[in-house]
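Here's the structure, in structure tokens; my notes come after.
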Amino acid sequence: MYKIFKILAITSTSLFIISCKKENDLVKLNNYVVDRIWITENQNQYYFSSEDDKEYSWSTLRKTGNGNGLDDWTTPFSIARGNPKSNPYKSNTLNPEGWTFSDFFKIQGDTLILQREEDINAEDLMIFHLEKGKDTIIGVFSYNALLVRNKYGNRIWKSKK
């Protein structure tokens, strides 16, 4: 009888330690993702703010000078700076750029859930599974990597260390 209790005690303690480690890893994943600039393979740049649980995207507009209409603007790539609070999108400048609100987000475990503000019934959620990737060096800069998976495929997002 003593052996059975001893085995049960060791098993339950082991399961408790494993579950605590898993929970700790998920908290670390949340801390790993929020409050940093992430750049995708197609050069979109995102920021997940812990202050308001909103996802922001970096937007840049440049006037081309080719005409007088809407085709007179282009959206070139520019490196995102700061955060949504320090660098919000300013449309009333000569070359507008900055962070714009795109979706609300929530990280549950290893899942990133995005919801548009208009989707009040949560009928069109975007769901991604997250996993820390291998750190990498591109040129002279070091980056953290995040493997992002959904039903459309796998992507790697990078964030400067």
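The values are calculated or read from the model by the stated rules, or taken from the named source; none is laboratory data. Because the structure is a prediction, the values reported are computed rather than measured. No Cβ is skipped: glycine too gets one built from the backbone with ideal geometry, and neighbour counts run over all protein chains shown. Accessible surface is based on the protein model in full, side chains and every heavy atom, while ligands, DNA and RNA are left aside. Shrake-Rupley method; radii C 1.70, N 1.55, O 1.52, S 1.80 Å.
Restricting attention to the stretch 38-47 and to residues that are more than 8 Å from the chain's Cα centre (by Cα) and assigned to a strand (DSSP E or B), the residue that is surrounded by the most Cβ atoms within 10 Å (Cβ to Cβ) turns out to be Gln45. Could you look through the stretch 51-72, keep only residues that are over 22 Å from Ile127 (Cα atoms) and open to solvent by 90 Å² or more (accessible area, probe 1.4 Å), and pick out the one that is modelled with the highest pLDDT? Checking each candidate, the answer is Lys63. Of all residues assigned to the stretch 18-29, at least one qualifies as being surrounded by 12 or more Cβ atoms within 10 Å (Cβ to Cβ) and either modelled with pLDDT of 90 or more or in contact with a helix residue (DSSP H, G or I) (Cβ under 8 Å, 6 or more places away or on another chain) (or both).
Residues in the stretch 151-161 that are in contact with a strand residue (DSSP E or B) (Cβ under 7 Å, 6 or more places away or on another chain) and loosely packed, with under 13 Cβ neighbours inside 10 Å were compared, and the one that is nearest to Asp52 (Cα to Cα) is Lys161. Here the stretch 130-149 is the region considered, the condition is being exposed (fewer than 14 other Cβ atoms within 10 Å of the Cβ) and either polar (S, T, N, Q) or under 12 Å from the mean Cα position of the chain (by Cα) (or both), and the residue that is nearest to Glu41 (Cα to Cα) is Thr136.
Among the residues of the stretch 104-111, some residue qualifies, meaning at least one is in contact with a helix residue (DSSP H, G or I) (Cβ under 7 Å, 6 or more places away or on another chain) and acidic (Asp, Glu). Within the stretch 97-107, is even one residue of a type outside the set (D, E, K, R), surrounded by fewer than 13 Cβ atoms within 10 Å (Cβ to Cβ) and on the phi < 0 side of the Ramachandran plot? No.
The residues of the stretch 82-111 that are of a type in the set (Val, Ile, Thr) and either in contact (Cβ under 8 Å) with a residue 24 or more places away in the chain or touching a strand residue (DSSP E or B) at 6+ places or on another chain (Cβ under 9 Å) (or both), listed by number, are Thr100, Ile107, Thr111.
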